[in-house]
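What follows is a single structure, written as structure tokens, with notes after it.
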Number of protein chains: 4
Amino acid sequence: MSELQELMNQINEFTRERDWDQFHSPENLAKSIAIEAGELLECYQWSSEAKPKAVEEELADVLNYCLQMAAKLGLDPVEIVRKKMQKNAEKYPVDKSKGRSTKYDQL
Amino acid sequence: MSELQELMNQINEFTRERDWDQFHSPENLAKSIAIEAGELLECYQWSSEAKPKAVEEELADVLNYCLQMAAKLGLDPVEIVRKKMQKNAEKYPVDKSKGRSTKYDQL
Amino acid sequence: MSELQELMNQINEFTRERDWDQFHSPENLAKSIAIEAGELLECYQWSSEAKPKAVEEELADVLNYCLQMAAKLGLDPVEIVRKKMQKNAEKYPVDKSKGRSTKYDQL
Amino acid sequence: MSELQELMNQINEFTRERDWDQFHSPENLAKSIAIEAGELLECYQWSSEAKPKAVEEELADVLNYCLQMAAKLGLDPVEIVRKKMQKNAEKYPVDKSKGRSTKYDQL
């Protein structure tokens, strides 16, 4: 079993023990991801420097909910990122997007 | 090499080819995670039902930026989620939090 | 009638004409505010400079949903901001917080 | 002077007294709006019911930063919402969008 799969099992066990699955609808997980993303952003609210420990913990919370959402929807997190990258590679061809942060519809 | 590590290498290569590393400061990645989390949430804006394809793609975008941020900060994504879960286990002991969505400071 | 009250009436009329009130639960409006805030943030994703027209429109969308949420909950937007500022004035006394972006619990 | 203008003056005075204007770049205000929108959403994280007092305060924080951002950019908040509504009225004609939450590009 891969390390990631093992982690997802641990998360699942954490939730099961607390009987929290009832709260973890895809919609509530999407809200949770946005909420934790806001807390991660708060580390950088007034400065581009942030406390490493706080960043690490908030990033972990976002990741945790993302993995829960993938599991809930029966998606393989590695697989969906890989597929989306292929799509992005078409939207952002190397020759057009090199060194530019311009959005694809304005390239 | 684990499947996750392989994916992170692919993401890194994608960014390197496009010379995008210059845009990917931790602060900008934190903003990007919040922006993509908003797009994921948009799938559920008016309903608890969402289009599976859109959800899959937006979730992939959030995950992708999270992995980039971890790499940029030299953090192991699996390790930080595991560590944060240990902390959460103390904040939310099974006996106090079972079946309750109450926040830890109100348990 | 104040200019703000007039605007809130116009927003209400806009929603009523389209029979959209059914979608505008407080929860859905809270999601909408977060979604639009993400779009506003996107203007600054890779740079501290942004296109003025885009910023103006995204800020307007956030404000619009905030006013809708206030109306839906029977709250006076001016009154609640004023009240919260009084609370903030206690959390952030001038002598302690002058020139510092430190959060109140770390002052 | 309108009630809203008076409020914006009070907010400005609050910031000036604390010498916080240095932190309030448009970009930082956009981050702050997203952060506070996340806190407002947190009121509804696990349920469509929320504590009225918490909602009122978080909504006030979002509004406060929106008004600061408008002031910073020299924008009249009422005017920009009105203008954006006119644009929305074209994107969402009454006959096509009545009773439907469908996004304009899918109408």
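The values are calculated or read from the model by the stated rules, or taken from the named source; none is laboratory data. Being a predicted model, the structure only gives us computed values, none of them experimental. We place every Cβ from the backbone using ideal geometry, glycine too, and count neighbours over all the protein chains shown. Only protein heavy atoms, including side chains, enter the accessible area calculation; ligands, DNA and RNA are left aside. Shrake-Rupley method; radii C 1.70, N 1.55, O 1.52, S 1.80 Å.
Inter-chain neighbour count for D:8-17: the average number of beta-carbon atoms from partner chains within 10 Å of each residue's beta-carbon is 2.
Of the solvent-accessible surface of chain A, computed with a 1.4 Å probe and all protein chains present, 46% belongs to carbon and sulfur. Counting only alpha carbon atoms, the long axis of helix B:3-17 and the longest principal axis of chain B meet at about 40°.
Take the accessible area of B alone and of A alone, subtract that of the pair with a 1.4 Å probe, and the total buried over both chains is about 5500 Å². For chain D, the longest principal axis of the C-alpha atoms and the axis of helix D:77-91 are separated by about 20°. Among residues of chain A, the one whose beta-carbon sits closest to the A-to-B rotation axis is listed with its distance in Å as A:Ala37, 2. Per residue, the average separation of C-alpha pairs within less than 8 Å and at least 6 apart gives chain A a relative contact order of 26 percent.
Compared with the alpha-carbon gap, the fully stretched path from D:Ala54 to D:Arg16 is longer by 11.0 nm at 0.36 nm per residue.
Quick one: grab the alpha carbon gyration tensor of chain C, order the square roots of its eigenvalues as a ≥ b ≥ c, and give me rounded if a/c is under 1.5, else prolate or oblate depending on whether a/b is larger than b/c. Judged from the Cα gyration tensor, chain C comes out oblate (a/c at least 1.5, b/c at or above a/b). Between the range A:1-42 and the range D:38-87, what's the alpha-carbon centroid distance in Å? If you average the Cα positions of each part, the centres end up 27 Å apart.
Name the shape class, rounded, prolate or oblate, that the alpha-carbon gyration tensor gives for the protein assembly as shown, where a ≥ b ≥ c are the square roots of its eigenvalues, rounded holds for a/c under 1.5, and otherwise prolate holds if a/b is larger than b/c and oblate otherwise. Let's see the in-between values first.
Values: a/c = 1.42, a/b = 1.33, b/c = 1.06.
It is rounded, given that a/c, with a ≥ b ≥ c, falls under 1.5.
Other protein chain C-beta atoms within 10 Å of residue C-beta, averaged over A:19-28: 5.
By how many degrees, 0 to 90 and rounded to 10, does the Cα axis of helix B:26-42 deviate from the longest principal axis of chain B? Result, in degrees: 60. Here is how far apart the A:Asp19 label points are across copies: 4.2, 5.5, 5.9 nm, shortest first, using a point 7 Å from Cα toward Cβ. Remark: chain A carries 47 Å² of accessible area per residue (probe radius 1.4 Å; ligands, DNA and RNA excluded). Helical content of chain D, expressed as a calculated mean residue ellipticity at 222 nm, amounts to -22000 deg cm²/dmol (DSSP H runs of 4 or more residues, -39,500 (n - 2.57) each, divided by residue number, nearest 500). For the peptides A:50-61, C:82-93, D:59-70, B:28-39, the ranking by mean Cβ contacts within 10 Å, running from highest to lowest, is B:28-39, D:59-70, A:50-61, C:82-93.
Would you mind checking the pairs B:Lys51/D:Lys84; C:Lys84/D:Lys72; A:Lys31/A:Lys91; B:Lys103/D:Lys51; A:Lys51/B:Lys84; B:Lys53/B:Lys98 and listing those with alpha carbons more than 22 angstrom apart? Among B:Lys51/D:Lys84; C:Lys84/D:Lys72; A:Lys31/A:Lys91; B:Lys103/D:Lys51; A:Lys51/B:Lys84; B:Lys53/B:Lys98, the Cα-Cα distance tops 22 Å for B:Lys51/D:Lys84; A:Lys31/A:Lys91; B:Lys53/B:Lys98.
Peptide A:69-75 is shielded by partner chain Cβ atoms: per residue, an average of 3 of them sit within 10 Å of its Cβ. Roughly how much of A:Trp20 is accessible, in Å² to the nearest 10, using a 1.4 Å probe? That residue has around 30 Å² of solvent-accessible surface.
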